[in-house]
Amino acid sequence: MKKLTILCSAIVCVLLITACHFSEQKTSEEAKGHLFVIGGGTRTPQLMERFVALAGGTGSTILVVPFASADADDTGAYQAEELRNMGCIADHVFFEKGEADLEVNLKKLEGVTGIFFSGGDQSRLTDMLLGTTFLERIKEIYWQGGVVGGTSAGAAVMSEIMITGDEAINKDRSNAFPFIKQGNIITTQGFGFIDFAIIDQHFIQRKRENRLINLVIEHNLTGIGIDESTAIIFGGGRTFEVFGHRSVMVFEPHFKTPPRSDEAGNLSADAITLRILLSGDRYTVK
């Protein structure tokens with residue numbers, strides 16, 4: 001009997017591990033929906049029209065999630081009104097921390113085919129939603145065919161490894177990311193819609209190459225830097241299309257030897273491929 005109990009426990013563990021693995025794969029490889037990731041700056045009419053089209057066009061139901069903003073309620077109301085003016089059935093959600101899973105808030109997600117994360121501070125957004133049923137329901141919308149979009153902070157949260165904007169070594173806020181050193185770029189857990197790359201935003205406009213290259217070396221992951229008024233659109237899997245007025249930079253590691261650091265923490269890398277993509281270009285992350 002004891003052996004049977006141990007066997008049953010082992011089977012349960014295997015099933016749980018398999019279920020977790022399936023969920024993780026489902027995020028990036030099996031989704032039927034789209035990710036619409038804007039690098040910040042002006043959200044042009046063309047960008048938002050494309051987002052609405054992916055959500056189902058005129059009459060589609062879209063929910064704005066504005067918690068990255070310091071004025072979340074006002075920001076959400078304003079952006080929902082913009083979407084209503086485009087013919088959508090749009091609303092925004094607003095609640096205090098710890099209230100995400102209240103039934104009244106979960107009901108806001110019923111029938112929704114598009115989610116839009118506003119800009120601001122991505123850490124505020126993850127602080128409100130990580131570990132909630134509310135976030136899991138948003139992922140279900142994406143897996144089942146909806147579109148999940150975001151701009152600026154709403155773009156940063158898309159990747160599993162999320163850039164916070166903070167530095168551990170450099171304390172000069174007037175001269176951000178002046179070097180490529182081990183342990184300088186502070187990251188935290190993002191929402192994980194993209195688990196095979198790291199997303200950076202306002203990229204060329206704010207000269208953030210050092211920041212992203214630093215993380216590409218440290219994590220051996222592709223870095224995607226999206227400039228302002230520009231989006232990348234994933235249709236499930238690892239292929240994205242560039243859409244917008246500016247460009248996207250992709251840094252892919254192809255290390256022949258492991259990266260090294262010197263006594264000062266400066267990092268080395270022997271092979272990183274850089275591509276600069278324009279609107280209409282498509283790219284598959286290796």
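Here are the numbers for this structure:
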quantity	calculated
Candidates S23, S60 - the one that is among the polar types (S, T, N, Q) and modelled with pLDDT of 95 or more	S60
Residue check for V250: among the β-branched types (V, I, T), under 30 Å from Q144 (Cα atoms) and crowded, with 19+ Cβ neighbours inside 10 Å	yes
Residue ID - surrounded by the fewest Cβ atoms within 10 Å (Cβ to Cβ), chosen from residues in the stretch 64-98 that are charged (D, E, K, R) and within 20 Å of L129 (Cα to Cα)	E96
Residues of the stretch 138-193 satisfying the condition of being surrounded by 18 or more Cβ atoms within 10 Å (Cβ to Cβ), more than 21 Å from L109 (Cα to Cα) and of a type in the set (F, W, Y)	F177
Sole residue being acidic (D, E), part of a helix (DSSP H, G or I) and either more than 23 Å from R260 (Cα to Cα) or in contact (Cβ under 8 Å) with a residue 40 or more places away in the chain (or both), chosen from E136, E228	E136
Matching residues, the stretch 111-133, being in a loop (DSSP other than H, G, I, E, B) and touching a strand residue (DSSP E or B) at 6+ places or on another chain (Cβ under 9 Å)	G111, V112, T113, S118, G119, D121, L130
Restricting the stretch 231-278 to residues that are polar (S, T, N, Q) and part of a strand (DSSP E or B), the residue that is farthest from A168 (Cα to Cα)	T239
Hey, I194 within 21 Å of G244 (Cα to Cα), touching a residue at least 12 places away in the same chain (Cβ under 8 Å) and of a type outside the set (D, E) or not	yes
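The values are calculated or read from the model by the stated rules, or taken from the named source; none is laboratory data. Quick caveat: nothing in here was measured; it's all calculated off a predicted structure. Glycine also receives a Cβ, built like all others from the backbone with ideal geometry; neighbour counts cover every protein chain displayed.
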